[in-house]
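A.B. asks: Structure provided below as structure tokens; questions to follow.
Throughout, read-outs are computed from the coordinates displayed, never taken from laboratory work. As the structure is a prediction and not an experimental result, all values here were calculated from the model. Here the Cβ positions follow ideal geometry from the backbone for every residue, glycine too, while neighbour counts run over all protein chains shown.
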Amino acid sequence: MQLDVAAIRQEFPIFERKIHGKRLVFLDSAASSQKPRAVIDAMMRMYTHSYANVHRGLYTIAEEVTEAYEETRAKIARFINAPDPAEIINVRNATEGLNLVAYSWGETHVHAGDRIVITEMEHHANLVPWQQLALRKGAQLAYIPVTDAGELQLDALPPLLADGRTKVVACSVMSNVLGALPPVTRIAEMAHAAGALVVMDGAQAIPHRAVDVQALGADFLAFSGHKMCGPGVGILWGRRELLEAMPPFLYGGDMIRTVKRHYAKWNELPYKFEAGTPAIAEVIGLGAAVDFLSAIGMDVIHAHEQEVVAYALERLAEIPTLHVLGSSRGERNGVVSFWMDNIHPHDIAAILDGDGVCVRAGHHCAQPLHDRFNLPATARASFYIYNDKDDVDALVKALHNVVSILGR
Amino acid sequence: MSSDLYREQLLDHYHNPDNFGALEHADVDIEMDNPTCGDVIHLTARLDSAGRIAEVMFEGQGCVISMASASMFTEHVKGKTLEEISAMGLTEIQEMMGGVKLSMGRVKCALLPLNAMKEGLKEKQ
């Protein structure tokens, strides 16, 4: 099935806008996606029709909002094939979800002399929490290297698992810089065989392809709603028995069963990990985003992006001074990071903006990965459901303009 | 925006910077970077007997804004006292760069040479 990109663009009010008199060519969805009317309307409807706090009220609108909030949890569980909605924890973003695991599980399970394994292609969100846990605990932090071709060097993992000291392997399901999809299922098998848990960063994968947490073999997986047409809310999924055994991350209202003057008992899952009033409208908006994406079909979305990114790689090869980071073979999701000879990525992004083309420039929260390639920064174009080959053409035309302005 | 940002004057400084290199026996010698964008500048300066900036050189790599700013900065600050340097801010840098309008994201690039100089003078004291 072909994606009708023109029809999809009409669902996103922002594309009615002109930038410097030009059509908006938004190629920065890997940072945050645009929002369809369905999501904006769902949040607006809640605020104008049935807003109250969740879980406490005994009146009609409080019951309505609680029902909508909990329905979303069930919807998200189905979306990632989690066995139990109680395993779906609403957090602020993927970063907070990963911090929750590093603090709550990490503090109680990682000790001095243990090892934490991550990959060289991690986003800072799945890197710094583990780096700091290792420093707090006197544990070792080891990296699975990335090859020159931008692929994970998987044969580096078995030696790191051999001595049984590795407690956790943290890896991204899809790199936000390389677009690469590391063999996470294989990594999970190897880690589990060595008695280690696997924490996956799904922030880039979940918006773009069907993800089944059980098939992946993950123990925890975190992702962000704002990269998948939803608002600013995040989800942490974890296996029930692990979550049950973990101490709370944040303390306060809603996460307790009883509070006495000198002790407290914790609420059941998932509420144990949802202290305080949650981002109610955002959670409901995320439910609308899941409906929106599901109606299109994750497989259709994935196939469409493969087509657009293949075309992008082909057209970018026309510019001899432009170099694409990462593999040209193997699977690549809709992210293309690149650099140009003697031109700073910030200048690329600024000149592209003049043509209405939005790309990101910098290290994309993956500094160790850029260090590994000896690049201080790259420019990144990322594609989503509202992008098509015309957008790629607009990008390439604008890049030729960059060369004509700066490439002397 | 971009046509204004990439005007000829700034591009000339970017492609053919003034005072590019490093001074020997400098009073100020500092390297500073913008970690978020990877701009790096190595700034060296000599002061005269009255304590004014006599000579400035820079080397480094970065975007058009940071490099053009550094190039213009090396001439702009000659003869200035340390007090005058410490009083300098974004407005003066923007004026120095021909009144260029900078977006929030580019302000740090333009300020890199000034911040390096301020830091270098502080280290010297």
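A.B. asks: How many Cβ atoms of partner chains, on average, are near each residue of B:65-74 if near means within 10 Å of its Cβ? Mind dumping the intermediate values first?
C.D. replies: Values: counts 4, 2, 2, 0, 0, 0, 0, 0, 0, 0.
Rounded to a whole number, the mean comes out at 1.
A.B. asks: Holding the Cα-Cα limit at 28 Å, pick out from B:80/B:124; A:35/A:265; B:80/B:108 the pairs that are longer than that. Don't skip to the end; give the middle numbers.
C.D. replies: Working: B:80/B:124 16 Å; A:35/A:265 39 Å; B:80/B:108 22 Å.
Going by Cα-Cα distance, A:35/A:265 fall outside the 28 Å limit.
A.B. asks: A further question on this structure: Ranking request for peptides A:259-271, A:164-176: highest mean number of other beta-carbon atoms within 10 Å first, then the rest in descending order. Before the final figure, lay out the partial values.
C.D. replies: Numbers: A:259-271: 12.4, A:164-176: 24.5.
My ranking of the peptides, most packed first, is A:164-176, A:259-271.
A.B. asks: Given A:344, A:211, A:232, which one lies farthest toward the positive end of the charge dipole of chain A, if we put +1 on the Cβ of every Lys and Arg and -1 on the Cβ of every Asp and Glu?
C.D. replies: A:232
A.B. asks: Moving on. With +1 on each Lys and Arg Cβ and -1 on each Asp and Glu Cβ, how big is the dipole of chain A about its Cα centre, in debye rounded to the nearest 20? List each step's numbers first, then the result.
C.D. replies: Numbers: 37 positive and 47 negative charges, 182 e Å.
Taking the Cα centre of chain A as origin, the dipole is about 880 debye.
A.B. asks: Give me B:85, A:343, A:116 sorted ascending by neighbouring Cβ count inside 10 Å, so fewest comes first. Please list the in-between numbers first.
C.D. replies: Numbers: B:85 17, A:343 21, A:116 26.
Fewest-to-most Cβ neighbours within 10 Å comes out as B:85, A:343, A:116.
A.B. asks: If I histogram all Cα-Cα distances within the stretch B:2-124 using bins 10 Å wide from 0, what percent of pairs lands in each bin?
C.D. replies: 14, 50, 31, 5, 0
A.B. asks: Under a point spin-label approximation (7 Å from Cα along Cα-to-Cβ), what is the residue B:101-residue A:16 distance to one decimal in nm?
C.D. replies: 2.5
A.B. asks: Can you compute the charge dipole magnitude of chain B about its Cα centre, using +1 on each Lys and Arg Cβ and -1 on each Asp and Glu Cβ, nothing else charged? Give it in debye, rounded to the nearest 20. It would help to have the intermediate numbers written out before the result.
C.D. replies: Working: 11 positive and 20 negative charges, 68 e Å.
Using Cβ point charges on Lys, Arg, Asp and Glu, chain B gives about 320 debye.
A.B. asks: Figure the gain on full extension for residue A:400 and residue A:295 (residue separation times 0.36 nm, minus the Cα-Cα span) and round it to one decimal in nm.
C.D. replies: Values: separation 105, 0.36 × 105 = 37.80 nm, distance 3.75 nm.
Stretched fully, the residue A:400-residue A:295 segment lengthens by 34.1 nm.
A.B. asks: Of B:5, B:15, B:72, which is farthest towards the positive pole of chain B's charge dipole, taken about the Cα centre with +1 and -1 on the beta-carbons of Lys, Arg and Asp, Glu respectively?
C.D. replies: Sorting the options by dipole projection puts first B:5.
A.B. asks: Then there is this: Could you calculate, for the protein assembly as shown, the ratio of the Cα radius of gyration to the Kirkwood radius, expressed as Rg to Rh? Could the numbers behind the result be given before it?
C.D. replies: Numbers: Rg = 25.8 Å, Rh = 25.4 Å.
Taking Rh as the inverse mean 1/r over Cα pairs, Rg/Rh reads 1.02.
A.B. asks: Hull surface divided by four, with the convex hull built on the Cα atoms of the stretch A:50-294: how many nm²?
C.D. replies: Details: hull surface 54.5 nm².
Its Cα hull, projected and averaged over all orientations, spans 13.6 nm².
A.B. asks: For peptide B:4-12, what's the mean number of Cβ atoms from other chains within 10 Å of each residue's Cβ? Mind dumping the intermediate values first?
C.D. replies: Numbers: counts 1, 6, 7, 0, 0, 0, 0, 3, 0.
Other-chain Cβ atoms within 10 Å of each residue's Cβ, averaged: 2.
A.B. asks: With an 8 Å cut-off on Cα pairs and a minimum separation of 6 or more residues, tell me the relative contact order of the stretch A:255-323 in percent. If you can, show how the numbers build up before the last one.
C.D. replies: Details: 26 pairs, mean separation 11.2, N = 69.
Computed over the stretch A:255-323, the figure is 16 percent.
A.B. asks: Along the charge dipole of the stretch A:50-294, which of A:264, A:116, A:105 sits closest to the positive end, that is, farthest toward it, with unit charges on the beta carbon of Lys, Arg, Asp and Glu (+1, +1, -1, -1)?
C.D. replies: Projecting each Cα onto the dipole axis, the largest value belongs to A:264.
A.B. asks: Taking the Cβ-Cβ separation of residue B:48 and residue A:310 as r and a Förster radius of 45 Å, what is the calculated FRET efficiency to the nearest 0.05? Intermediate results must be reported in sequence, preceding the final value.
C.D. replies: On the way: r = 62 Å, r/R0 = 1.38.
Between residue B:48 and residue A:310 the formula returns 0.15.
A.B. asks: Related question: Can you give the average number of partner chain beta-carbon atoms within 10 Å of each beta-carbon in peptide A:343-355, as a whole number? The partial results should precede the final answer.
C.D. replies: Numbers: counts 2, 12, 3, 13, 11, 1, 3, 11, 6, 1, 4, 6, 1.
Other-chain Cβ atoms within 10 Å of each residue's Cβ, averaged: 6.
A.B. asks: Can you give the relative contact order of the stretch A:272-361 as a percent, counting alpha carbon pairs under 8 Å and 6+ residues apart? Could the numbers behind the result be given before it?
C.D. replies: Details: 43 pairs, mean separation 16.4, N = 90.
For the stretch A:272-361, the relative contact order is 18 percent.
A.B. asks: About its Cα centre, what dipole magnitude does the stretch A:1-123 give when the only charges are +1 on Lys and Arg Cβ and -1 on Asp and Glu Cβ, stated in debye to the nearest 20? Walk me through the numbers on the way to the answer.
C.D. replies: On the way: 14 positive and 17 negative charges, 147 e Å.
With only Lys, Arg, Asp and Glu charged at Cβ, the dipole is about 700 debye.
A.B. asks: I'd like to verify something in chain A: which complete DSSP H helices, judged by Cα projection on the helix axis, reach 24 Å or more and average at least 0.5 on the Kyte-Doolittle scale? Display every interim value, and only then the final one.
C.D. replies: Numbers: long enough: A:60-79 (28 Å, -0.53); A:280-296 (25 Å, 1.82); A:298-316 (26 Å, 0.12); A:389-406 (25 Å, 0.58).
Flagged H segments are A:280-296, A:389-406.
A.B. asks: What residues qualify as long-range amide H neighbours of residue A:253, i.e. H under 5 Å apart, gap of 5 or more or another chain, H built at 1.01 Å from N?
C.D. replies: The answer is A:276.
A.B. asks: Another one. Non-local amide H neighbours of residue A:144 (under 5 Å, H modeled in plane, Pro and chain starts lacking H): which ones?
C.D. replies: The list, which skips near neighbours in sequence, is A:118, A:119, A:120.
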